[in-house]
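Since the structure comes first, as structure tokens, the remarks are kept for the end.
The values are calculated or read from the model by the stated rules, or taken from the named source; none is laboratory data. Note that the structure is a prediction, hence the values are computed from the model and not measured. Neighbour counts are summed over all protein chains in view; Cβ atoms, including those assigned to glycine, are modelled from backbone coordinates with ideal geometry. SASA here: full protein model, heavy atoms, side chains in, ligands and nucleic acids out. Shrake-Rupley method; radii C 1.70, N 1.55, O 1.52, S 1.80 Å.
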Amino acid sequence: MRNTLFLAALSLAVFSLTIARPAAAQDQPAPAPAPAPQSQDNSKKPDSPTPSQQSAPTLEKPGTAPATEEPAKPAAKTPPKKSTSAAAAGAKPGTTKEGEKIPEGTNSKTVEEIIARVNNEIITRSELDHAKETAVEEVEEDCRGKCTPDQQKAEVEEHQKNALKELIDQSLLVQRGKDMGLSVETDVIKRLDAIRIQNNLTSMEDLEKAVTSRGLNWEDFKDNIRKSILTQKVISQEVGSHVNISKEDVQKYYDEHKSEFIRPEQVALREIEVTTEGKKDSELPDLKKKAETALKRVKDGEDFGEIAKRFSDGSTAKQGGFLGVYKRGELSKELEDIVFKMKKNGLTDVLDTKQGYLVLQVLEHYDEGEQALSKVENEIMDKMYSSRMEPKLKEYLKTLREQSYVVIKPGYEDIAGGGNSEIQEVSATPEANKAKKGRKKFLLFGKRAATASGD
């Protein structure tokens with residue numbers, strides 16, 4: 001039925017098109033990964049770490065076990081060009097180069113290959129190439145000290161394989177958020193301010209200069225943050241709010257899996273790290289003051305995870321400073337003597353380490369033996385939430401695709417997760433049809449909210 005809405009006379013034309021681009025176009029950075037949405041039921045998705053993550057890295061601080069050697073970063077094959085639609089979810093900003101210039105009279109144009117159309121948005125080959133490149137950077141950061149070279153390679157291949165599918169999914173979610181009338185401008189400002197603080201910049205103007213100095217376009221940088229937050233809010237409202245976990249569910253899981261909760265003594269740790277590497281001696285007092293300010297704000301009642309996101313320079317900042325779960329013998333003696341004496345939510349003073357100023361929080365202290373339900377309740381909820389959220393999100397994205405015009409160039413269908421087999425040019429969606437589709441989309445999860453707001 002959907003194919004009748006295409007203009008058959010223009011079939012196969014869409015992918016022979018070229019897009020005129022300015023010769024000095026900058027690459028569009030991709031947004032940070034979207035965290036899993038919180039359940040809005042009285043039983044919420046926990047933000048505590050799970051003891052099942054026993055393979056977490058040891059602390060990369062003086063006296064800790066040595067970190068696994070990091071493999072060399074693969075070289076990018078194709079210089080990215082400016083993106084024109086949603087960038088890969090969870091990707092980071094990177095450096096750019098100009099696209100190939102083709103002389104045309106006195107002007108030059110950058111030619112883009114269109115590989116997919118999502119309603120009236122397009123996805124280009126350079127966007128896909130850039131998404132694959134940033135996947136390498138993401139995996140390197142996530143695997144630092146945790147993965148073997150073979151594991152890291154497999155992760156990169158998996159991320160790159162799904163790159164086009166994720167570009168399409170993000171485009172659908174961004175368009176859905178706009179249809180819902182979600183506003184995320186306040187969140188964008190907060191995210192920019194957090195980035196500013198993390199990079200020790202005094203003003204937003206300094207952040208803009210830092211972004212543009214890397215060859216990035218400031219407006220594109222902000223737009224990708226906007227898209228990232230928008231997709232998170234759509235997922236939270238449209239999917240996450242329908243994932244409910246009751247106390248009875250948690251109790252039943254605990255009773256059926258008690259053997260999983262017999263463990264040695266362990267501590268789950270979070271950190272705020274203010275790095276001093278490469279800094280001048282004259283800068284150290286201000287850096288220490290930054291760490292002390294972060295510690296004070298946590299002691300005054302602010303959430304450690306949010307403060308870590310804003311103040312920490314470490315690679316764990318984006319995950320709220322979570323380091324992992326450690327048994328005795330996995331940390332240096334001096335750190336072990338400190339943290340294993342502390343109780344849940346205990347905080348260290350500012351520790352002066354070789355890499356910088358460090359604040360640690362004991363997120364949970366697990367005694368040896370069978371763990372009480374109160375100790376593992378958040379872990380159980382996290383497992384159950386993830387297992388229920390994943391199929392619902394897949395179903396929701398499938399519904400969005402079925403309600404949309406997703407056209408994929410031959411040869412890309414498999415890596416894009418499917419699409420229309422016939423390649424056709426698509427005219428602007430009639431408003432009547434859009435209204436019908438908007439109503440139909442909500443049959444899966446309930447009625448449409450009349451006034452959705454992101455603030």
Need one value: the accessible area of residue 130 in square angstrom, 1.4 angstrom probe, rounded to the nearest 10. 10
If each K or R counts +1 and each D or E counts -1, the residues other than residue 203 whose Cβ falls under 13 Å of its Cβ total -2
Backbone HN-Hα couplings from phi across the range 400-409 [Karplus 6.51/-1.76/1.60, Hz, Gly and Pro as x]: 4, 5, 5, 8, 10, 9, 10, 10, 10, 5
Set the Förster distance to 25 Å, then compute FRET efficiency between residue 190 and residue 213 from the Cβ-Cβ distance, nearest 0.05. 0.60
Measure off, as a whole percent, the carbon and sulfur share of the 1.4 Å-probe accessible area of the range 315-409, all protein chains present. 47
If the range 163-298 were replaced by its equivalent ellipsoid, with semi-axes equal to the square roots of 5 times the Cα gyration tensor eigenvalues, what would those be, largest first, whole Å? 35, 30, 14
Using a Förster radius of 56 Å, what is the FRET efficiency between residue 388 and residue 289 based on their Cβ-Cβ separation? Nearest 0.05, please. 0.80
If amide H atoms are built 1.01 Å from N in the plane of the peptide, which residues on other chains or at least 5 residues away come under 5 Å of the amide H of residue 346? 362
If you average the C-alpha positions of the range 258-304 and of the range 314-371 separately, how far apart do those two centres end up, in angstrom? 9
Would you mind calculating the gained length between residue 113 and residue 249 on full extension (0.36 nm times residue separation, minus the Cα-Cα distance), in nm to one decimal? 44.0 nm
Using the heavy atoms of the protein chains alone and a 1.4 angstrom probe, what is the accessible area of the range 262-333 per residue in square angstrom? 48
Each residue of the range 123-128 in order: what ³J(HN,Hα) in whole Hz does its phi give by Karplus 6.51 cos²θ - 1.76 cosθ + 1.60, θ = phi - 60°, with x for Gly and Pro? 10, 9, 5, 5, 5, 5
What FRET efficiency would be calculated for the residue pair residue 354, residue 178, taking the C-beta separation as r and a Förster radius of 45 Å, to the nearest 0.05? 0.40
Rounded to the nearest percent, how much of the accessible area of the range 184-246 (1.4 Å probe, protein heavy atoms only) is carbon and sulfur? 49
For the pair residue 277 and residue 150, the simple spin-label estimate (label points 7 Å beyond Cα toward Cβ) gives in nm 2.8
Return the distance in nm (one decimal) between the two label points of a simple spin-label model at residue 258 and residue 315, each offset 7 Å from Cα along Cα→Cβ. 4.0
Cut-off under 5 Å, modelled amide H: who pairs with residue 324 long-range: 269
Here is the link list: 288/354; 258/392; 290/354; 318/375. Which ones come out longer than 20 Å on Cα distance? 258/392; 318/375
Unit charges on C-beta of K, R, D, E only; dipole of the range 120-241, Debye: 220
Note down the nm distance, to one decimal, between modelled labels 7 Å out along Cα→Cβ at residue 367 and at residue 206. 4.9
Let's see if you can work this out: charge +1 on each Lys and Arg Cβ, -1 on each Asp and Glu Cβ, no other charges. What is the dipole magnitude of the range 313-366 about its Cα centre, in debye to the nearest 20? 200
